[in-house]
Amino acid sequence: MKTTKLDKSFDIQVPDTKAFTIKTGDDFIQLHAVILAVAKRGTGKTLSLTNLLRMMKENNALDRLILVSPTYHNNKKMFHGLPLDEENDVIEPTKETPQLIMDILEQEGKDYDEYHEAMKRWRKLMKLIPSNTPIEEIPEELLLEFGNYDFEKPKHKWNGRKPTIACFFDDNQGNPIFRPSSQLSSLVIKHRHQGKTNDGAIGVTLLFATQTYTSNAAGLLPAIRNNTTHLLVFRSKNLKELDLIAEEVAGEIPIETFHKLHEFAVQDRHDFLLIDLAKKDTHPSMFR
């Protein structure tokens, strides 16, 4: 069959932007992400995800952690060494919690923009002061803004860079936060675009620990499953659920092969199979 090559103007133009904007080590996962750990109670979901958060910190990819959990004080030791502000960033799961998180991210974006705008004004003033410009010709608003602070350089909590933020939802299953009427689905779908700034967004990595993968009144919202980038599958006797996971996220291999792979991966109590749906080109497989 003869084919005709179209003019290059018909080619799809791919913008020079990336979905995953956080720099991480070659062997580490891409961020920002939606990470889901599925396991029965006591298997080690929280332990595994706090270890992952620790690895993120070691990769210089975690500045601020927000924890949504009603059981923080029972698991407090697991969060030792992580950038978690116990007074401000440990939040009870309610229907309003997703909006509260979006407000936190929006404020981070505003702080970032305000700092860089203030730096532009400060640099302008610093150029005028040592020059021969008469003081009466220096804009009064600049003198008023910085003069009261001895022309101190503006400050920003993250030294002018966008902070890398993660939000961990632990022990939230069956809570109103998982109801369709909450804003959780919106947060998940738009997680990379939260905290808008003049040059992009802050974004957030979301981590969920849950006992079941299915979507029902007490289970996961479809938006979480549909936007998951990394799935941790622990040992499970629920073959129907494993079949569902195999069908949804492991389409590159037959279901029978997936079950063998999962069985091989979960030999010990805290073992899990990691399914990386956003693997880097340098990674040999989407399964770990």
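Couple of notes before you dig in:
- Some residue of the stretch 173-190 being farther than 21 Å from Pro70 by Cβ, of a type outside the set (A, V, I, L, M, F, W, C) and without any contact (Cβ under 8 Å) to a residue 12 or more places away in the chain: yes
- For the stretch 189-230, residues that are part of a helix (DSSP H, G or I) and closer than 14 Å to Ile165 by Cα total 3.
- Residue match in the stretch 123-146 (condition: of a type in the set (D, E, K, R) and within 26 Å of the chain's Cα centre (by Cα)): no
- Just one of the listed residues (Pro93, Pro154, Pro70) is in contact with an Asp or Glu (Cβ under 7 Å, 6 or more places away or on another chain) and part of a loop (DSSP other than H, G, I, E, B), and it is Pro70.
- Test: Thr71 is under 22 Å from Val249 (Cβ atoms) and at pLDDT below 95: no
- Ile165 vs. criteria surrounded by fewer than 20 Cβ atoms within 10 Å (Cβ to Cβ), within 14 Å of the chain's Cα centre (by Cα), within 24 Å of Lys45 (Cα to Cα) and at pLDDT 95 or above: no
- The residue that is surrounded by the fewest Cβ atoms within 10 Å (Cβ to Cβ), counting only those in the stretch 99-147 that are more than 25 Å from His32 (Cβ to Cβ) and polar (S, T, N, Q), is Asn132.
Yes/no matrix, rows are residues, columns are (1) more than 12 Å from the chain's Cα centre (by Cα); (2) of a type in the set (A, V, I, L, M, F, W, C); (3) surrounded by 15 or more Cβ atoms within 10 Å (Cβ to Cβ):
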| residue | (1), (2), (3) |
| --- | --- |
| Lys23 | yes, no, no |
| Asp26 | yes, no, no |
| Leu31 | no, yes, yes |
| Ile35 | no, yes, yes |
| Arg41 | yes, no, no |
| Lys45 | yes, no, yes |
| Thr50 | yes, no, yes |
| Lys57 | yes, no, yes |
| Arg64 | no, no, yes |
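- Set Leu105, Leu62, Leu82, Leu49: member being in contact with a Phe, Trp or Tyr (Cβ under 8 Å, 6 or more places away or on another chain) and either closer than 13 Å to Ala166 by Cα or in a strand (DSSP E or B) (or both): Leu49
- Every pair of residues 6+ apart whose Cβ atoms lie under 7 Å, when the first sits in the stretch 128-150 and is farther than 14 Å from Ala118 by Cβ while the second is in a loop (DSSP other than H, G, I, E, B) and at pLDDT 80 or above: Leu128/Ile138
- Unique match (being over 15 Å from the mean Cα position of the chain (by Cα) and within 28 Å of Ile35 (Cβ to Cβ)) among Asp150, Asp170, Asp199: Asp199
- Per-region count, the stretch 235-249, residues out of contact with any Leu (no Cβ under 8 Å at 6 or more places or on another chain) and either among the aliphatic types (A, V, I, L, M) or not in a helix (DSSP H, G or I) (or both): 7
- The residues of the stretch 225-251 that are of a type in the set (A, V, I, L, M) and either over 17 Å from His270 (Cα atoms) or at pLDDT below 80 (or both), listed by number, are Leu239, Leu242, Leu244, Ile245, Ala246, Val249, Ala250.
- Residues that are surrounded by 15 or more Cβ atoms within 10 Å (Cβ to Cβ), modelled with pLDDT of 90 or more and farther than 28 Å from Ser69 by Cα are absent from the stretch 210-224.
The values are calculated or read from the model by the stated rules, or taken from the named source; none is laboratory data. Since the structure is predicted, the reported quantities are computational estimates derived from the model, not experimental observations. Cβ sites come from the backbone with ideal geometry, for glycine too, and all protein chains shown count toward neighbours.
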